[in-house]
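Step one of this worksheet: look at the structure below.
The values are calculated or read from the model by the stated rules, or taken from the named source; none is laboratory data. Keep in mind that what you see is a predicted model, and the values were worked out from it rather than measured. Counting neighbours? That spans all protein chains shown, and the Cβs are built from the backbone with ideal geometry, glycine included.
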Amino acid sequence: MSTVSAGPSLAQAFVAAAEAIGRVSGGESLNTALADLKRRASAETVAAAAQDLCYNALRGYGVVDVALERLLQRPLTDSPVRGLLLTALAELAARPKSAHAVVHQAVEAAALLGYSRAKGLVNAVMRNFQRRMPELLPEIEATESGRYRHPQWWIDALRLAYPHEWESVLLESNRHPPMVLRVNRRRLSAKAYLEKLHRAEIPARGLGQDAVLLEKPCRVERLPGFAAGEVSVQDAGAQRAGPLLDVRDGMRVLDACAAPGGKTGHLLELAECELLAVDADGVRAQRIAENLSRLKLSAKIVVGDCRRPEVFWGRRPFDRILLDAPCSGSGVVRRHPDIKWLRRKSDAPEFGRVQAELLEALWQVLAPDGKLLYATCSVFPEENGAQVDNFLLRHPEAEVLPLPGFADNDRRVPRPLEGQILPSAHSDGFFYALLRKTTA
C-alpha cells in the first residue's frame, strides 16, 4: 500500500513518478530512472514520495496495466501520460477514501508534465476507474496474472519448477522486502551490535552468524556505526555467499561481476585475502570502491568483462572465485518490481549464454583444488541447477561440493531445490553451487 499523503507536493511526486515509469516502459531499469530523478529533484521529499509511487505502481503488475487498457478507448502513445495514469490508478486503488485528492492531483500533474491537453483524459480515466473499481478489480484479480501480479509465463514457469512452493514464491515476491544487516565481524559481534540497536530503540533480532533482521526498515543514517563501517545492509540470502566460498587468510580471490560490492566487503571481513573485484559497468564499479571505503577495507578494482580474464588475471590463478552471474533477477523482484515489467520469456537463452561463457572463462583461471561459487539471484532452474549440470557435463574435473545448511544435503529434496533459497520473510531468492577443480 502506498504511503504517500495527499498535499501540495503530491502532483509534483506524480510528475516525477510518471517520468520514471515512462522510462521503465521504454526499457530502462527503475534504479537508473530513480537515480536520475534524485539528481534532478527539487526536494528530497519529492524524490522519496515519487519512489514510493513508482514501487506501488510497479508492484501492481497485471492489475493497474490491465485496468488502464480497459479504461482507454485507444492505446496511449505518450509514455509520461501513461506513466502518470499507471501511478495514479495504483494510488487510487491503494487509497480509495482519498479519491478526490488523488484525482485532482493527478489532473494537476498532467499540466505540470507539459501535457495540458491530456488533463481531460486523465480526469475521465481516473473518475471512470473510481466508479468501476468495485467490479473491475475483482474481475481482473480473478485471473492468475491479476491475483499474483506477475506475468503469466512467469507463473507457469514457477508452477512447473516448484509444484508445492510456486504460490508462496509469488506471494513473497509481492511483499515489502525485509531489511537485514550484516555486522562487520572485524569490528564487533552480532550480539554486541544488537545491544547497540536496543539502546538506539531500533527493534531487531539475530538470524545467525553476522545477520540481523530489523523489525521495521529505517534509514541507514539511523543505524549506529553505519558510517563507521560497523554494519552493512545486505539480504540474509546474499550473506550466505561469503562463508560458502571458504576464503582463508593469504588466498588469492576473484569476485567476478562484483558490483555494487556487498559480497566483496563480506569476503574481506571474513579473511585477510588478496582480492580482485571485477565488473563490466564502470559506474557500478565505483560503488564497490565507495562501499569498501566506508568499511575501511581495500581491494583491487578493475572495470572489465569477466569473460576475458586474460585482461586482468596476470597469469596468476585464483584459489577462490565468486561468480555472481548476471541473471533474470527473479529472486529479488520485491526489491526491484520493474523486473516484472522488463523481463520476457525470450530473455532466458541470452542469460544462459552469458552465464555459460562466464563459467567457462573463469574456470580456466581457477587453481587446482580451488573452489568456484556460482551464484544467482534467480529462482528459475534453467539459470541455476540446469546451468551447473551442463557445465559438469563439459568438465569431468569439476566436483560439486555440499553446501552446509542447504536442502541439497537431503536426498529426499527434488532437484530444483538443491542450492536454492526461495523468497521468504527474511531472505530474497538466491541460488548457489560450489564447484571444486579436482585436477589442473
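A compact table of results
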read-out: Set S98, S116, S79: member being surrounded by fewer than 22 Cβ atoms within 10 Å (Cβ to Cβ), under 27 Å from the mean Cα position of the chain (by Cα) and not charged (D, E, K, R); value: S79
read-out: Scan of the stretch 214-248 for residues that are among the basic types (K, R), in a helix (DSSP H, G or I) and surrounded by fewer than 16 Cβ atoms within 10 Å (Cβ to Cβ), ordered by number; value: R222
read-out: Residue identified as at pLDDT 95 or above, outside the structural domain of V333 (by TED's automatic domain parsing), part of a helix (DSSP H, G or I) and over 22 Å from Y148 (Cα atoms) among L84, L68, L89; value: L84
read-out: Which listed residue is modelled with pLDDT of 95 or more, more than 20 Å from G62 (Cβ to Cβ), outside any helix (DSSP H, G or I) and over 18 Å from the mean Cα position of the chain (by Cα), from L188, L194, L181; value: L188
read-out: Residue within the stretch 85-93 that is of a type outside the set (K, R), touching a Gly at 6+ places or on another chain (Cβ under 6 Å) and either buried (at least 18 other Cβ atoms within 10 Å of the Cβ) or over 18 Å from R70 (Cα atoms) (or both) present; value: yes
read-out: Every pair of residues 6+ apart whose Cβ atoms lie under 6 Å, when the first sits in the stretch 311-333 and is farther than 21 Å from T438 by Cβ while the second is basic (K, R); value: S328/R343; V333/K340
read-out: Boolean, F380 is touching a residue at least 40 places away in the same chain (Cβ under 8 Å) and farther than 16 Å from L245 by Cα; value: yes
read-out: Any hit, the stretch 45-56, residues being over 27 Å from E172 (Cα atoms) and assigned by TED's automatic domain parsing to the domain that holds A18; value: yes
read-out: Among (1) over 15 Å from Q12 (Cα atoms); (2) at pLDDT below 95; (3) not in a helix (DSSP H, G or I), the one test that A118 misses; value: (3)
read-out: Test result for L171, outside the structural domain of W341 (by TED's automatic domain parsing), of a type in the set (A, V, I, L, M) and in a loop (DSSP other than H, G, I, E, B); value: no
read-out: Selection count where residues are part of a helix (DSSP H, G or I) and over 26 Å from the mean Cα position of the chain (by Cα), scope the stretch 362-389; value: 1
